[in-house]
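Worksheet: one structure, shown below.
The values are calculated or read from the model by the stated rules, or taken from the named source; none is laboratory data. All values derive from a computational prediction rather than experimental measurement. As a convention, Cβ positions derive from the backbone with ideal geometry for all residues, glycine included, and neighbour counts pool all protein chains shown.
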Amino acid sequence: MTRYTLITGACGGLGGAFTELLAERGEALYLTGRSEARLCALARKLKEKFPACEVRTRACDLTDSAQRTAFFAHTDGEGVVFQRLIYVAGVDTQMATERYTEEKLVMQTRVNLEGAVSFIRATLARAPLDGKTEILAVGSMSAVTPMPYFALYSATKRALAQFCEGLRTEMKGRAKVTCVWPGGIPTREDIKQNIEEHGFWGKISAKSPREVARIALKAVRKNKRKKIVGFWNRVISFFSALAPAPLRMRFIARRWRQTEKDAFSADREKIEEMG
Ligand SMILES: NC(=O)c1ccc[n+]([C@@H]2O[C@H](COP(=O)([O-])OP(=O)(O)OC[C@H]3O[C@@H](n4cnc5c(N)ncnc54)[C@H](OP(=O)(O)O)[C@@H]3O)[C@@H](O)[C@H]2O)c1
C-alpha cells in the first residue's frame, strides 16, 4: 500500500522546497494549503517535472478545527495511509505586542501551535507506528530565547519544540519526532529584505530553503530530538544560553525593534488576490 508524506504549507517557500526534494526522490505526496487552485497548480507542475510522482491535494485552513477534522475524514475516505508529516505552515508576524490585533494573535497561535498539535495527533492516529513513521515540525531559531518584538512567534515556536520533545518520548520505538530550528530562510520578498537588514548576523544565520529541507529530512530520518540548522546558528544558540537574560533581552530588543513583518496583512492581500 502506498504511504504518503503529508506536507502543510506546501505552496510556501520552504514547503515548496520539501515538496520538490521528495518528488525528486519519488515519494508519494499529500499536499495541503488554503487554496485548492494553487495546490492543483503545484501538483500539475510536479507531475510535469516528475511524471512518476504520485501527488494528492486537499485545501485546509489550519486555524479552523472543523476544516482540520474534515481534512482527515476526506483522506480516510480515500484510504490514504501517512508515513510522514512535515508541518511547515507558520505565520511569522513580527511587531510590538501592543500593535497586535485579536485576529493577528489568534491566527498566529492557531497556525503555529494548535494546527501543528492537531495535525500531528491526527497523523499519528492514522500511521503504521512501525518505528518508520516520521513527524517533522518546522520550528525556528526564534525559539532559542524569548524575543522582544517577536514575542508571540518566538513563544509559539518554543511551545511547538517542547511539545515535540515530550511526544518524542511517548512515541519511542513507534515514530520518530523531530523539531527543526532554522535561522533565516530567503523565501518571501519581505523575509529576504529582513535578512539583508540584519547585515552580518542575518547572512551567517541564513540557509536556502532547499538546504534547510535537506538537513531537516536527514535529521528526522536519524530521529534527532531537535536540529538547529547551520554551524553559526549552533554557535549563536550556545552563547545565547550563557549570556545573562537582561543583557540578551536588551541586545535582541535593540536589533528587532527596527524591523517589522506583518504576515497577517500580507496574507489578507494574498487571499484577496486568490478571490
Ligand atoms: N523564512 C524564514 O526566515 C523562516 C525562519 C525560521 C522558520 N521559518 C518557518 O518556516 C515555515 C515556512 O516559512 P516560509 O518562509 O516558507 O513562509 P511562507 O512562504 O509564508 O509559507 C508559510 C506557509 O504557511 C501556510 N499557512 C499560513 N496560514 C495558514 C493557514 N491558516 N492554514 C493553512 N496554511 C497556512 C501558507 O499556506 P498558503 O498561503 O498556501 O495557504 C504558506 O504555505 C514557517 O513555519 C516559518 O515559521 C521560516
Condition first: more than 9 Å from the ligand (Cβ to nearest atom), modelled with pLDDT of 95 or more and surrounded by fewer than 19 Cβ atoms within 10 Å (Cβ to Cβ). Now tell me which residues in the stretch 172-213 satisfy that. LYS172, GLY173, ARG174, SER208, ARG210, GLU211
Residue under evaluation LYS226, criteria (1) among the basic types (Lys, Arg); (2) out of contact with any Ser or Thr (no Cβ under 8 Å at 6 or more places or on another chain); (3) at pLDDT 95 or above; (4) under 20 Å from ILE86 (Cβ atoms), criterion not met: (2)
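Conditions (1) aromatic (Phe, Trp, Tyr); (2) under 13 Å from the mean Cα position of the chain (by Cα); (3) on the phi < 0 side of the Ramachandran plot, marked per residue:
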position	(1), (2), (3)
GLY183	no, yes, yes
ASN194	no, no, yes
HIS198	no, no, yes
TRP201	yes, no, yes
VAL212	no, yes, yes
ALA216	no, yes, yes
GLY230	no, no, no
Can you confirm whether the stretch 76-84 contains a residue that is in contact with a helix residue (DSSP H, G or I) (Cβ under 9 Å, 6 or more places away or on another chain) and within 16 Å of the ligand (Cβ to nearest atom)? no
Residue list for the stretch 62-82, filter: in a loop (DSSP other than H, G, I, E, B) and either polar (S, T, N, Q) or surrounded by 12 or more Cβ atoms within 10 Å (Cβ to Cβ) (or both): LEU62, THR63, ASP64, VAL80
Expected output for the stretch 105-126 (first residue within 11 Å of the ligand (Cβ to nearest atom), partner among the basic types (Lys, Arg), Cβ below 8 Å, 6+ apart or cross-chain) is ASN112/LYS157; GLY115/ARG68; PHE119/ARG68
Residues located in the stretch 206-224, provided they are assigned to a helix (DSSP H, G or I) and in contact with a strand residue (DSSP E or B) (Cβ under 8 Å, 6 or more places away or on another chain): VAL212, ILE215, ALA216, LEU217, ALA219, VAL220, ARG221
Can you tell me which residue among ALA52, ALA43, ALA59, ALA10 is of a type in the set (Gly, Ala, Ser), touching a strand residue (DSSP E or B) at 6+ places or on another chain (Cβ under 9 Å) and part of a loop (DSSP other than H, G, I, E, B)? ALA10
Residue that is nearest to the ligand (Cβ to nearest atom) [pool: residues in the stretch 239-263 that are among the hydrophobic types (A, V, I, L, M, F, W, C) and touching a helix residue (DSSP H, G or I) at 6+ places or on another chain (Cβ under 8 Å)]: ALA263
Contact list, first residue from the stretch 173-184 and of a type in the set (S, T, N, Q), second anywhere and modelled with pLDDT of 95 or more and assigned to a strand (DSSP E or B), beta-carbon distance below 9 Å, six or more apart or interchain, is THR178/GLU134; THR178/ILE135; THR178/LEU136; THR178/ALA137; THR178/LYS226; THR178/LYS227
Considering (1) surrounded by fewer than 14 Cβ atoms within 10 Å (Cβ to Cβ); (2) touching a helix residue (DSSP H, G or I) at 6+ places or on another chain (Cβ under 7 Å), say which one THR101 fails and leave the rest. (2)
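Residue-by-condition table, conditions (1) touching a residue at least 12 places away in the same chain (Cβ under 8 Å); (2) among the charged types (D, E, K, R); (3) within 12 Å of the ligand (Cβ to nearest atom):
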| site | (1), (2), (3) |
| --- | --- |
| ARG25 | no, yes, no |
| LEU29 | yes, no, no |
| LEU39 | yes, no, yes |
| ARG44 | no, yes, no |
| LYS47 | no, yes, no |
| PRO51 | no, no, no |
| ARG68 | yes, yes, yes |
Restricting the search to the stretch 85-104, which residues are farther than 25 Å from MET171 by Cα and either of a type in the set (Ser, Thr, Tyr) or within 16 Å of the ligand (Cβ to nearest atom) (or both)? VAL91, ASP92, THR93, GLN94, MET95, THR97, TYR100, THR101, GLU102, GLU103, LYS104
